[in-house]
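Notes to accompany the following structure.
The values are calculated or read from the model by the stated rules, or taken from the named source; none is laboratory data. If you're wondering where the values come from, they're calculated on a predicted model, not measured in any experiment. Cβ placement follows ideal geometry from the backbone for every residue including glycine, while neighbour counts extend to all protein chains displayed.
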Amino acid sequence: MKRFTILAAAISLLMSLALPIAVAAPSLGSKCNREGEVAHMSQLLICAKVGKVLKYVAATPDAIGAPSRPSAVVPAKNVDPTVLKAFTSFNHSACTQPHQHIVMTYLTSPNYSQNMVDGQKALLEKAASCYDAYFDRQININVVMATEKDYDFLAAQKTNGQPVFDDIRLRWLKFMTGRITPVQGKLGGTFAGSAGWNPATDSGWLILLDATANKTPDPHVASHEFVHVLQSFSKSVFFPNYGDGSSEVDYVNMPPWFWEGTAELFSYDSISSQPGYLTLYMAETRMQGRQGPNQNKISTPAALVTTMQELKSSPNGQSNMLSYALGSQVCEYILATYGYSKYWQIMKNAGQFKNFDENIKSAIGLTQDELFLKSAPFVLSQWKLS
Ligand SMILES: [Zn+2]
């Protein structure tokens, strides 16, 4: 009898251990305990108050910040301290001021709807304000907005009598316009962007490609591409081909994880009106790593270092996705820990050092591998939420 009791107790203990795990698997509409908790299943979910009950609701980019769903944001008290610092370190007030140095020329295709043009312009003008202080002289940027029908339009664009896009960039445009063309009613992708610096015209260029079916712009692409203009400008003196559509993309002085991670982080930071939105957006960014076969292996600091080392070498399908998804988390740690001006110092000095390790060693006293290890507790805590 006694043995039975012990066995029964053991079983009930096992059950009580197993139970929370089974109950905790979040799904759309299932109950949750902590407002603002973010979960990834087949989609991004957030724990929000629906009536008087806490439930998981879909947290799509469209829902983020939408005034009709004020509860679907991470409350300030539940924001991770590092994410909070990454939010407060970003110069949000600059984004509301007029810009002094940046002059944009808009080259818009007639196929790009007026609503899309207006939306993108608002986002680009805001981005110009956010990053105006990056430049100490007047900067011209040619912004091209086009659709899948506009390859010929793109090829015909000129600035100061010179083609805006060279042959290599045009090849990319041919590929991308093809990608956003519906095949049997289905879209391979709905938008794409690219940006860089053209030393021949001494101006930046920025492309926003959208399927004609798109009615409103993605909220972060304009700002993401804008950050690439800053990065390309930084490198232009020492890497004159960079950003000019060159095939000799030089990732030595700014590795892909920093290149894309910064663009993701800064763009999402710039459009977040409060830290709770940044939390959600960064969770959304991590979704891009979901398909990567390595994703679930990144659970220890050593595994993080190994994966980040892989991202430093030549890009492939997985490392492309992880440069955004994982790179942005390391970038978030840099911004939170060392601040905005140190961050800009790293970007501006990229061309001054033989390699990126020397650059960040000079700015923050760490090599990349040391940085990965130091950032690991934060990055892994965020990665677990993915
Ligand atoms: Zn990018």
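The residues in segment 208-229 that are farther than 21 Å from Asp269 by Cα and crowded, with 20+ Cβ neighbours inside 10 Å can be counted, and the count is 2. For segment 216-225, taking the residues that are closer than 14 Å to Met145 by Cβ and in contact (Cβ under 8 Å) with a residue 40 or more places away in the chain, the one that is farthest from the ligand (Cβ to nearest atom) is identified as Thr216.
For segment 240-253, state whether one or more residues are within 16 Å of the ligand (Cβ to nearest atom), at pLDDT 50 or above and in contact with a Ser or Thr (Cβ under 8 Å, 6 or more places away or on another chain). Checked against the condition, which is being within 16 Å of the ligand (Cβ to nearest atom), at pLDDT 50 or above and in contact with a Ser or Thr (Cβ under 8 Å, 6 or more places away or on another chain), segment 240-253 yields no hits at all.
Any idea which of Gly178, Gly189, Gly193, Gly204 is assigned by TED's automatic domain parsing to the domain that holds Val221, modelled with pLDDT under 95 and away from the ligand (no atom under 16 Å from the Cβ)?
Numbers: Gly189 fails: away from the ligand (no atom under 16 Å from the Cβ); Gly193 fails: away from the ligand (no atom under 16 Å from the Cβ); Gly204 fails: away from the ligand (no atom under 16 Å from the Cβ).
Among Gly178, Gly189, Gly193, Gly204, only Gly178 is assigned by TED's automatic domain parsing to the domain that holds Val221, modelled with pLDDT under 95 and away from the ligand (no atom under 16 Å from the Cβ).
Among the residues of segment 259-280, are any more than 13 Å from the ligand (Cβ to nearest atom), modelled with pLDDT of 90 or more and of a type in the set (D, E, K, R)? Scanning segment 259-280, I find at least one residue that is more than 13 Å from the ligand (Cβ to nearest atom), modelled with pLDDT of 90 or more and of a type in the set (D, E, K, R), so the answer is yes. Take the residues in segment 46-60 that are in contact (Cβ under 8 Å) with a residue 12 or more places away in the chain and not in a strand (DSSP E or B), then tell me which one is surrounded by the most Cβ atoms within 10 Å (Cβ to Cβ). It comes out as Ala59. Taken over segment 107-146, residues that are of a type in the set (Phe, Trp, Tyr) and modelled with pLDDT of 95 or more amount to 2.
Table: residues versus (1) under 17 Å from Ala122 (Cα atoms); (2) out of contact with any Pro (no Cβ under 8 Å at 6 or more places or on another chain); (3) not assigned by TED's automatic domain parsing to the domain that holds Ser129.
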| residue | (1), (2), (3) |
| --- | --- |
| Val74 | no, no, yes |
| Val83 | no, no, yes |
| Phe87 | no, no, yes |
| Gln97 | yes, yes, no |
| Gln100 | yes, yes, no |
| Val103 | yes, yes, no |
| Thr108 | yes, yes, no |
| Asn111 | no, yes, no |
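Return yes or no: is Gly161 outside the structural domain of Phe266 (by TED's automatic domain parsing), modelled with pLDDT under 95 and either among the aliphatic types (A, V, I, L, M) or within 24 Å of the chain's Cα centre (by Cα) (or both)? Here the answer is no, as Gly161 does not meet what is asked.
Which residues, counting only those in segment 107-124, are surrounded by fewer than 15 Cβ atoms within 10 Å (Cβ to Cβ) and either under 23 Å from the mean Cα position of the chain (by Cα) or in contact (Cβ under 8 Å) with a residue 12 or more places away in the chain (or both)?
Asn115, Asp118, Ala122
Is segment 158-165 home to any residue that is basic (Lys, Arg), within 16 Å of the ligand (Cβ to nearest atom) and surrounded by fewer than 19 Cβ atoms within 10 Å (Cβ to Cβ)?
Taking segment 158-165 first, the residues basic (Lys, Arg) are 158.
Right, trim to within 16 Å of the ligand (Cβ to nearest atom) and you get none.
For segment 158-165, residues basic (Lys, Arg), within 16 Å of the ligand (Cβ to nearest atom) and surrounded by fewer than 19 Cβ atoms within 10 Å (Cβ to Cβ): absent.
Go through segment 166-175 and give me each residue that's within 16 Å of the ligand (Cβ to nearest atom) and modelled with pLDDT of 85 or more. If the condition is that a residue be within 16 Å of the ligand (Cβ to nearest atom) and modelled with pLDDT of 85 or more, then Leu173, Phe175 are the ones that fit. The single condition among (1) part of a loop (DSSP other than H, G, I, E, B); (2) at pLDDT 90 or above that Ala155 does not meet is (1).
Out of all the residues in segment 357-371, which are in contact with a Ser or Thr (Cβ under 9 Å, 6 or more places away or on another chain) and closer than 23 Å to His228 by Cβ? Reasoning before the result, please.
To start, the set of residues in segment 357-371 that are in contact with a Ser or Thr (Cβ under 9 Å, 6 or more places away or on another chain) comprises 357-358, 360-361, 364.
Residues satisfying the conditions are Asp357, Glu358, Ile360, Ile364.
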